[in-house]
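Values quoted throughout were computed directly from the atomic coordinates according to the rules given, and no laboratory measurement underlies them. Note that this is a predicted model, so its numbers are computed, not measured. Neighbour counts run over all protein chains shown; Cβ positions are idealised from the backbone, glycine included.
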Amino acid sequence: MSPVRGSNSDRLLERVAQPGNSQMAWAGRDSWDNTPEELLEYSWRLDHGDWSRYSLETDRMFPDLPHGRHVLEVRARDRDYNVDPTPAVAGFSVVPSVWLQAWFVTMVISFLILVAMLIWIIIRIRERHLIEQQVEREKHLVEMDRIKTGFFTNISHELNTPLALIKGPLESMLEAGPDEDGEQLLSLAMRNVDRVANLVSQLLDFRKLEQGQMRIEAEEGNISRPVRECVDLLQPLAKRHKVSCHLEMVEPCMGWFDADKLKKIVQNLIVNAIKYSPSDGEVRVLLDAVPGQGGGRTLSLIVEDTGRGIAPKHLHHIFDRFYRVPEKTIVDGSGIGLNLTKELVDLWGGEIRAESPIHQDVKRPGTRFLVHLPVDLENISNKGSSHG
């Protein structure tokens, strides 16, 4: 039998291109000349598989052959059923697709590596640019903060001097006893001077806090005394608003405290409660010494009112700087009092929170501020404080 050949080929097939649809042809001759060529029957097998049934076909299409080496064997049988003992063997290779060939895969991998390197370089350049921009922004913010702090310091001192010059003569005129109308005008002027002076004091306190210059100057003594002084000092304000304000405590509280910082905390909370209470409202200041969570004693200060209360959506913002709860009626204030109070409480190593509503009356649900301050020397967090 003659060698197996590919279709449309006059030589032995060696390579077949993808997709591997290969048509193979074969021909044979009876060595004894007993069987014509057209009557010879053939059987074939591919890659040492099972032999096919004998038939007169002299070609075969092999579809979708995988790439790689293949072996086709063909044997012939004459009409007397004599089988050729030595099948014709043809080996051939199916060439893989371009994208599966080594050179193409290597090229693609090299290209991807190059693209990845370019992307990495671009990202690094971008990151460096962003870092440089961030550094510049931080420098700008630091400079702006320095300018802002300097401005607040300068403006506070500039306001303090004329306020002192105005307040002195006003106090002298009040002591001299003017007529009723003049006394009302002088009282109004004094209240506004005190209001501006308090704002200036708060701005100066903010500057000290931001620059780390404020310390808790703790001294041992009667903590109830400065709290009572604040309540007494604010009675005129409460009367003008037609609000009752009183202090409740079981017994005098003794411990370590900073009288100046404590007065600022108490005064800010009471003033806030009075301003937001309606006529005939009530402000209660409750003072007690209770056991602390980590041992020692804690000063418990509670200031509660019968005002309009604070909606839940505003409650967690009230200690933010310059934040003011939207009101239907205008209430005087700068929006820094409660923030300064929290800053002072944090400096002390204490905690403050607000609750609202606290009453069943829907018209006067009220608000309660709870402050806890350590009053044992070893529990006061300000390590840089001086102690008398």
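Quick notes on this structure:
- Virtual spin-label span in nm between SER279 and GLN211, 7 Å along Cα→Cβ: 4.6 nm
- Computed from the C-beta positions of GLU355 and ARG126, the FRET efficiency with R₀ = 51 Å rounds to 0.55.
- Segment THR106-VAL135, length gained on full extension (0.36 nm per residue, minus Cα span): 6.2 nm
- Were the residues from SER244 through ASP80 laid out at 0.36 nm apart, the gain over their Cα-Cα distance would be 45.9 nm.
- Computed label-point distance, nm, for sites LEU286 and LEU233 using a 7 Å Cα→Cβ extension: 2.5 nm
- Highest average packing first - 316-322, 98-104, 353-359, 299-305, Cβ atoms within 10 Å: 299-305, 353-359, 316-322, 98-104
- Remark: the LEU39-GLU175 segment gains 34.6 nm on full extension, using 0.36 nm per residue and subtracting the alpha carbon distance.
- Inter-part distance where segment 240-257 and segment 30-67 are each reduced to a Cα centre, Å: 114 Å
- In terms of packing, defined here as the mean over residues of other Cβ atoms within 10 angstrom, the peptides 41-52, 280-291 line up highest first as 280-291, 41-52.
- Positive minus negative residues near ASP78 (Lys, Arg vs Asp, Glu; Cβ under 15 Å): -3
- Order by protection proxy (mean Cβ within 10 Å, highest first), peptides 196-206, 30-40: 196-206, 30-40
- The value for segment 55-144 of Rg(Cα) / (2.2 N^0.38 Å) is 2.68.
- Neighbours of ASP320 by Cβ distance under 15 Å: Lys/Arg scored +1, Asp/Glu scored -1, total +3.
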